[in-house]
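The values are calculated or read from the model by the stated rules, or taken from the named source; none is laboratory data. Small disclaimer: the values here were computed from a predicted structure and weren't measured. Here the Cβ positions follow ideal geometry from the backbone for every residue, glycine too, while neighbour counts run over all protein chains shown. Ligands, DNA and RNA are excluded from the accessible area calculation, which covers all protein heavy atoms including side chains. Shrake-Rupley method; radii C 1.70, N 1.55, O 1.52, S 1.80 Å.
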Amino acid sequence: MTDKYTDSLDVMLADGLVKSPDDFTKKVMHRISEHADIESSRRLTTRSLIGDYLKNSLWPAAALATSAALGGFQVIAFIFGIWIPATAG
Amino acid sequence: MESKFTSADAVAALSTDITGEDSQDSSAQRFGAFVEHYQHAVFGFLGRMGFSQADSEDIAQEVFLKAWRYRRSYNPQKAQPSTWLFTIARNAAISKFSSKRAVEVPLDTVDIAAETQHQPERQLQNEQTRLALAKALRQLPLDDRCAIALFYIDDLSSADAASILQCKTATFKTRLSRARNKLKLILDDRDEMND
């Protein structure tokens, strides 16, 4: 679209009214690296939180499984306790 | 010898995949070249949209940060890198306007004579004309301003500009012609008032 600059107004508009500073690319790349650092630390934090959660949740999970097994055993024992006198007559 | 930045380079800068530390460095390097190539066009666009130098810098940084963040969503089959980038730029500009936080340089209060007293006469005249043009652009409706701002970007065709504005090419051309006429009228009125 360079063949459109027909008059002085076109030239001025094409020239631009604001200019990019010399260190603009540097500034953008600095912000990008900051952003990347934040993202990677966020990922690390999420990973360590999940790791901690798994570690911390191991003992409660084991206790829950043991309690469930004991509860199940008690229910079976109760049923068995009723069944024996019933079959004995 | 410096090689020319091509559209393929722009696509490569947007479609890199980070798999390790080295590739992240080269990805950033490619994106740096992308920023270097498009920054002048983005600043030109924002200036024609009527933003001050300071606002343009803030918005341009946001535009390139967004481009970096969402580069994986860029689809080379759908659009040119420039079309994709200027869609982000246009949305960022509109968002800045609608947030009502766009701090426009109060041109009426700018003491041009004081600021440019040590400049040669021709330079002073150019600066006055530039400020008058910026003021005239700000008087245009947003759609008209967008049309003018996109038209002067060398990497964009009228069809690309129309797709950014989500209208037909013919509509874009009509809007552009109307906007340029309005701009000329505003500038002519100003000249008559000065005479």
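Cβ-Cβ under 9 Å, sequence separation 6+ or interchain: first residue in segment B:23-43 and surrounded by fewer than 23 Cβ atoms within 10 Å (Cβ to Cβ) and in a helix (DSSP H, G or I), partner at pLDDT 90 or above and among the polar types (S, T, N, Q). Which pairs?
Correct list of pairs: B:Gly32/A:Thr25; B:Ala33/A:Thr25; B:Glu36/A:Thr25; B:Gln39/A:Ser20; B:Gln39/A:Thr25; B:His40/A:Ser20; B:Ala41/B:Ser82.
Hey, B:Phe86 hits all of (1) among the aromatic types (Phe, Trp, Tyr); (2) loosely packed, with under 15 Cβ neighbours inside 10 Å; (3) modelled with pLDDT of 95 or more but one; which does it fall short on?
(2) is the only condition that B:Phe86 fails.
Would you confirm whether any residue within segment B:166-181 is closer than 22 Å to B:Phe51 by Cα, under 14 Å from the mean Cα position of the chain (by Cα) and buried (at least 21 other Cβ atoms within 10 Å of the Cβ)?
no
Kindly provide the set of residues from segment A:15-36 that are open to solvent by 30 Å² or more (accessible area, probe 1.4 Å), under 30 Å from B:Glu127 (Cβ atoms) and in a helix (DSSP H, G or I), ordered by number.
Of everything in segment A:15-36, those that are open to solvent by 30 Å² or more (accessible area, probe 1.4 Å), under 30 Å from B:Glu127 (Cβ atoms) and in a helix (DSSP H, G or I) turn out to be A:Asp15, A:Lys26, A:Lys27.
Please work out which one of (1) at pLDDT below 90; (2) over 20 Å from the mean Cα position of the chain (by Cα) is the condition B:Leu133 fails and give its number.
(2)
Quick check: anything in segment B:151-162 under 21 Å from A:Asp15 (Cα atoms), hydroxyl-bearing (Ser, Thr, Tyr), under 19 Å from the mean Cα position of the chain (by Cα) and crowded, with 16+ Cβ neighbours inside 10 Å?
Looking through segment B:151-162, at least one residue is under 21 Å from A:Asp15 (Cα atoms), hydroxyl-bearing (Ser, Thr, Tyr), under 19 Å from the mean Cα position of the chain (by Cα) and crowded, with 16+ Cβ neighbours inside 10 Å.
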